Amino acid sequence: MTSGKQITIEQGPIRPPSEAGSLLFRFTRNCPWNRCAFCPVYKGKQFSRRSLDEIKADIDAASEVLDDLRGLSAQLGCPEGFSREALEVVFTSREYNDFYRRAALWLHGGKGGVFIQDANSFVLPAGVISEAIAHLKRKIPGVRRITSYGRSGTLARMAPAALEQIRKAGLDRVHIGMESGSDLVLKLMDKGVSAKRQVEAGRKVIEAGMELSEYIMPGLGGKELSEEHARQSAMVLNRIDPHFIRLRSLRIPPRAPIYAAWREGRFTPLTDDETVAEIRLFISLLDGISSRVESDHIMNLLEEVEGNLPEKRDEMLATLDRYLAMPENDRLLFRLGRRGGTLRRVAEINDPLIRERLERATRDLASESGADLEKLIKELADQYI
Ligand code: SF4
């Protein structure tokens with residue numbers, strides 16, 4: 001932390017896509033498990049718990065930044081809320097650092113989200129988490145939702161009273177990286193938890209009165225276990241009935257241990273089309289639950305596959321079917337456009353202007369000797385890893 005408008009607080013590397021506008025507070029550093037074969041995020045980094053004093057010092061510093069920003073907005077004639085004019089000052093003046101900018105966006109956006117980092121806050125004693133959250137709520141007015149990542153193995157071991165204590169302190173939602181409900185896939189990926197424990201953890205979070213967001217990773221079983229992965233993941237989620245099911249399709253960056261298995265032929269990734277077919281099977285098997293499905297991760301090919309179950313299930317399946325029924329060349333154009341940021345929805349492939357632009361791009365690439373369209377699409381998708 002430094003002084004004046006350069007005050008900053010420690011930030012971890014990631015947060016869920018749905019927490020893009022949230023203030024981030026780091027209660028722990030890195031991941032206490034750190035063995036999942038598909039995950040590059042904390043590899044080579046040592047896990048540690050931060051002390052309550054350290055966490056409180058960050059909260060106090062953020063509170064100071066927010067007060068300073070509110071003062072700026074008041075000076076510019078907007079004492080309530082945070083004006084666009086004040087936002088422009090913060091983003092155009094070199095006086096303000098990145099943390100000020102994040103805090104200014106938080107005030108301007110007005111949603112009041114806070115996300116607690118890093119990978120598994122629940123390794124801290126319930127008393128420490130609760131006291132830190134209580135301090136946060138005292139020091140930072142306008143907080144409307146507090147969420148955190150948690151590992152199923154840790155959550156399943158916790159006493160219900162401990163989870164309830166944390167919920168009463170103010171934690172509203174837990175994001176769990178379930179990834180798969182198949183014991184075969186979980187073992188292959190060294191996830192360190194069984195399907196049974198995933199169900200126990202999920203139910204405990206819900207019974208403690210918190211919202212639950214479960215991440216599923218389409219493609220994680222590779223070709224070999226694709227059907228098993230889809231079927232068992234749906235079965236486990238049918239037993240949990242989480243508030244959110246979020247899709248985050250597998251990509252394989254070189255820093256992930258699974259990369260070597262892929263290069264050595266021990267893991268066969270799905271193609272984009274096979275991933276869509278796997279998601280179709282998975283969604284068709286979700287049954288008897290009222291979760292909301294979200295495809296809010298940039299890794300997903302079809303971000304429009306989302307909606308509340310059960311009423312939107314047929315609509316989601318229809319979208320997946322529309323994509324799968326397209327001629328091969330249209331699917332290729334769509335993938336190129338989606339990964340290159342030209343289009344987002346399946347129907348947009350029928351827009352004459354977009355189509356013409358994509359066809360021209362593929363013609364130009366084909367005329368370049370050695371141009372490989374599949375390689376280009378992969379590179380475009382991998383830029384977001
Ligand atoms: S996926 Fe989650 S639990 Fe697994 S290594 Fe990455 S951060 Fe840790």
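A short reminder: the numbers here are calculations on the coordinates, not readings from a lab. In this text, all values refer to a predicted model and were calculated from it rather than measured experimentally. Every residue, glycine among them, receives a Cβ derived from its backbone with ideal geometry; neighbour counts consider all protein chains shown.
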Cβ-Cβ FRET estimate between Arg144 and Asn329, R0 fixed at 35 Å, reported to 0.05: 0.15
Gain on full stretching of the segment that runs from Leu317 to Arg35 - 0.36 nm per residue minus C-alpha separation: 98.1 nm
Cβ-based net charge around Pro310, under 15 Å, with every Lys or Arg adding one and every Asp or Glu removing one: -3
For the chain, cysteines whose Cβ has no other cysteine Cβ within reach (under 4.7 Å): Cys31, Cys78
Net charge, His108 excluded, C-beta distance under 12 Å - Lys, Arg +1, Asp, Glu -1: +3
In range of the label at Leu285: residues from the range 193-212 whose backbone nitrogen is under 20 Å from the point 7 Å along Cα→Cβ: 193-203
Interatomic Cα distance distribution for the range 207-287, bins of 10 angstrom, percent: 18, 45, 27, 10, 1
Average projection area in nm² (convex hull over Cα atoms of the range 309-385, one quarter of hull surface): 6.1
C-alpha center-to-center spacing [the range 163-234, the range 310-385] in angstrom: 30
Bins of 20 Å, starting at 0 and running to the largest distance - Cα pair percent for the chain: 26, 53, 21, 0
Within the range 330-385: Cβ-based charge dipole about Cα centre, in debye rounded to nearest 20 (Lys, Arg +1; Asp, Glu -1): 220
Structure-based [θ]222 nm, the chain - -39500 (n - 2.57) summed over DSSP H runs of at least 4, per residue, nearest 500: -14500 deg cm²/dmol
Computed lengthening from Ile206 to Arg292, 0.36 nm per intervening residue step minus Cα-Cα distance: 29.5 nm
Cβ-derived FRET efficiency at R0 45 Å, Asp67 paired with Arg344, nearest 0.05: 0.70
Check: the chain dipole with +1 on Lys, Arg Cβ and -1 on Asp, Glu Cβ, in debye: 1060
Alpha-carbon centroids, the range 65-82 and the range 111-130: separation in whole Å: 28
Max mean-square fluctuation residue, GNM over the chain, Cα-Cα springs under 10 Å, options Leu52, Leu286, Leu220: Leu52
Listed residues Ile129, Ile279, Ile14, most fluctuating in the chain (Gaussian network, C-alpha, under 10 Å): Ile14
Net charge of neighbours whose Cβ lies under 9 Å from the Cβ of Ser226, counting Lys and Arg as +1 and Asp and Glu as -1: -4
Theoretical FRET efficiency, 1/(1+(r/R0)^6), r = Cβ-Cβ of Asp190 and Arg263, R0 22 Å, to 0.05: 0.80
Whole-Å semi-axes of the range 170-325's equivalent ellipsoid (Cα gyration tensor): 24, 20, 13
Added length on full extension, which subtracts the Cα-Cα distance from 0.36 nm per residue, Leu376 to Gln6: 129.1 nm
Taking the convex hull of Cα positions in the range 237-385, its mean projected area over all directions (nm²): 10.2
Farthest positive-ward along the chain dipole, Cα basis, beta-carbon charges - from Phe82, Pro352, Trp33: Trp33
Å³ per residue enclosed by the Cα convex hull of the range 1-150: 117
